[in-house]
Every structure is written in structure tokens, then in C-alpha cells.
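Shown next, in C-alpha cells, is the structure this report addresses.
Just so it is clear, none of the values below were taken in a lab; they were calculated from the coordinates. Note that the structure is a prediction, hence the values are computed from the model and not measured. FYI the Cβ positions are ideal-geometry reconstructions off the backbone, even for glycines, and counts take in every protein chain you see.
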Amino acid sequence: MGDAFAGKQLGKRAMFLGAVAQSVPDIDFIASFWLNTSENLLAHRGFTHSILFVVMITPLLALLAERWHRPHDISLKRWILFFGVQAFIHLLIDGMNVYGVGWFEPFSHYRVSYNWIFVADPFYSVWLGIAFIILLVLRKDHPRRGWWRRFGVGLSSIYLLYCGLNKIKIDSDVRDVFKRQQIAYNSYFTTPTPLNNWLWYVVSSNDSGFHIGYRSLFDKERKIDFRFVPRNDSLLRTVSDHEDMQKLLRFSKGYYTVQNINDTLIFNDLRFGQMAGWHDAGAPFVFYYYLQHPSENDFVVQRGRFARWNKETFRSLLRRIKGN
């Protein structure tokens with residue numbers, strides 16, 4: 001997008017400018033240097049991912065870029081449009097995975113997440129990567145540059161729409177399965193498993209706990225092998241006044257379980273899935289937080305994401321994607 005915007009005027013620097021513009025909302029990583037883990041969970045994708053922040057920062061970035069890149073023939077209005085579109089696209093895509101985005105901060109703490117795509121999906125990124133490499137090699141006046149820009153942006157956008165259609169299909173199948181298997185629920189969510197958009201993680205919630213299972217787009221049987229996990233919120237009584245716990249409850253949107261392991265209370269956020277749960281139904285959860293030992297919770301979101309992965313779990317992922 002940076003190359004399309006100013007490739008003729010700025011050459012290959014335009015792609016660097018596009019990368020910067022696209023990444024502006026992620027300056028919230030700076031907050032991790034002084035916030036504790038539970039505070040940082042809410043700060044990440046919070047205010048800097050809000051509509052208000054984009055409206056505020058876009059004119060400032062446009063003014064800076066307009067002055068920095070003089071002489072040029074790019075109007076200030078066009079600079080504003082460029083930075084605004086890039087930032088809003090960032091917010092839109094971040095809303096497509098399970099973490100959630102604070103679009104309406106600071107007026108509302110509601111987090112938008114419509115769970116279309118896993119946070120790292122190579123089938124989305126590969127087209128952009130190919131186009132970037134080729135545009136980096138081609139001279140700035142090469143007649144095929146426009147074609148490769150459309151290749152990268154076009155195919156990645158088509159894939160996102162495909163993911164949205166998959167989401168609609170999975171949700172329809174899951175509601176049908178709930179009805180067939182007589183599973184009562186207050187709410188539910190579906191989200192893709194790692195690195196693909198064909199096998200989906202399914203969680204339904206009731207007053208006592210959660211039914212957890214997996215559904216492939218290629219499953220022929222109208223059933224899901226669910227595992228029930230109790231909420232165990234009674235274990236939280238001893239830490240009910242802890243500020244960390246209140247932040248975690250808000251962050252989890254109610255999808256959590258509590259465990260007592262070796263006299264240590266562990267808070268699991270179910271939204272981030274299990275460690276290769278399609279391979280082992282009883283696998284631990286990716287996101288776990290030591291309530292009584294908060295200093296041991298660095299990198300809490302990342303530490304379990306690809307734990308227990310090996311050749312066999314990867315093969316079992318491919319087998320499960322193919323359907324039952």
C-alpha cells in the first residue's frame with residue numbers, strides 16, 4: 001500500500017513508510033516496560049487501537065510526513081487519507097482474531113473480536129510477502145509493479161473474505177450440533193486453530209463450566225466430541241480482592257477456569273485454546289496465569305502457544321483438518 005501511495009515519488013522508501021503507517025497502533029508495546037503483566041494484557045490493543053486514537057494521530061503523522069519528504073507533489077489531504085486508511089485497516093485486521101481490540105476506548109472497555117483468523121496465518125501472509133520481495137527487487141519505474149501490488153493486497157484480501165465465509169459455516173454447523181447433542185449454553189465462540197482456517201476450536205459456556213471441542217470444515221458427521229471443563233470459580237474466593245484477578249476476569253470475557261495445582265492457583269483463559277488440543281483432549285490451556293506468583297507471568301500470552309508441538313502433533317493437526 002505504501003508503494004501504491006508514493007512509489008513513484010519516494011521509490012522503495014514508500015514501502016518502508018507503508019510499514020510504519022501500518023504499525024503505528026502497535027506503539028502500545030512501550031507500555032510493557034512499566035506495566036505489570038495483568039495491566040499490560042489490557043493495555044495491549046487498548047487505547048492505541050481505538051478509533052479516537054486513529055483520528056487524533058493521523059493528522060499529526062500526515063504533517064510530519066509531508067514535511068519530512070519534501071520536495072514532493074503529495075497533498076496534505078492525501079497524506080491524511082493514507083495514514084488514516086492504514087491505521088483503520090490495522091484495527092480491522094486485529095479485530096479478526098481472538099485477543100480483542102478496544103475500538104471504543106476510552107468511552108467503553110468493550111473489546112471487538114470476531115474470530116475469523118488465527119493471529120499468525122501463513123495463508124494470509126504469504127501473498128504479501130511474495131509481493132514485497134518482488135517489489136523490493138524491481139526498479140521503481142518497472143511496468144509490472146502495479147500488478148504485483150494488486151497481487152499481494154488482492155489475494156490476501158480474498159483470503160480474509162474466505163475466512164469470514166468459513167466462520168459463518170462453522171458457526172452454523174456448531175449451533176446445529178448443540179441442538180442435536182442437547183447441549184445447553186449461555187454463550188459460545190469459535191476460533192481457528194493455529195496456522196490454518198479449516199480446523200476450529202469450539203467453546204460453549206453455561207453456569208457451571210464449558211464444553212470444549214473441535215470442528216473441521218470437512219467434518220461429515222454432525223457431532224463434536226466435547227470435553228466438559230468446570231469453571232471452578234469458587235477457588236477464587238481467597239484471592240477475590242486481588243487487583244490482578246479483577247483485570248484477568250475482565251480480559252477473559254468470562255471464558256476462564258481455575259485450577260489448584262501444587263497449592264498454586266492457576267487462571268486459564270480458554271479463548272486462546274489448548275496446547276495441541278486436537279491431539280490430546282485433556283491438554284493444558286495455552287494461556288495460564290499464576291495468581292499467587294504474578295512475578296512468574298512474563299510472556300503469559302506467548303509461552304504456551306506452540307508448546308508440545310512436534311512432528312506427531314503436526315501430523316495429527318493435518319489429519320484432523322481432513323475431517324472425521
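Overview of results
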| item | result |
| --- | --- |
| Size-normalised alpha-carbon gyration radius of segment 170-321, reference 2.2 N^0.38 Å | 1.07 |
| Peptides 256-268, 45-57 ordered by average Cβ neighbours within 10 Å, highest first | 45-57, 256-268 |
| J(HN,Hα) series, segment 42-54, from Karplus relation 6.51 cos²θ - 1.76 cosθ + 1.60, nearest Hz, glycine and proline x | 7, 6, 5, 6, x, 4, 5, 10, 9, 4, 4, 4, 4 |
| Ratio Rg/Rh, restricted to the chain and using Cα atoms, in which Rh is the Kirkwood radius | 1.01 |
| Relative packing of peptides 105-112, 269-276, 185-192, 172-179 - highest average C-beta neighbours within 10 Å first | 269-276, 185-192, 172-179, 105-112 |
| Rg/Rh ratio calculated on Cα atoms of segment 229-285 (Kirkwood radius) | 0.98 |
| Distant alpha-carbon pairs in segment 82-172 (separation over 17 angstrom), percent | 60 percent |
| 0 to 90° range, to nearest 10: angle between helix 311-321 axis and the chain longest Cα axis | 90 degrees |
| For Gly209, distant residues with modelled amide H under 5 Å away | Arg231 |
| Overall Cα dimensions of segment 78-234 - principal axes, largest extent first, Å | 63, 43, 22 |
| Cα-based convex hull, segment 159-202, per residue volume (Å³, whole number) | 68 Å³ |
| Two-decimal Rg/Rh across segment 73-114, once Rg and the Kirkwood Rh are taken from alpha-carbon atoms | 1.16 |
| q = 0.19 Å⁻¹, segment 2-114: log10 I(q)/I(0) [Debye, one scatterer per Cα] | -0.95 |
| Placed amide H near His142: partners under 5 Å, 5+ positions off or other chain | none |
| Virtual spin-label span in nm between Phe228 and Ile93, 7 Å along Cα→Cβ | 4.2 nm |
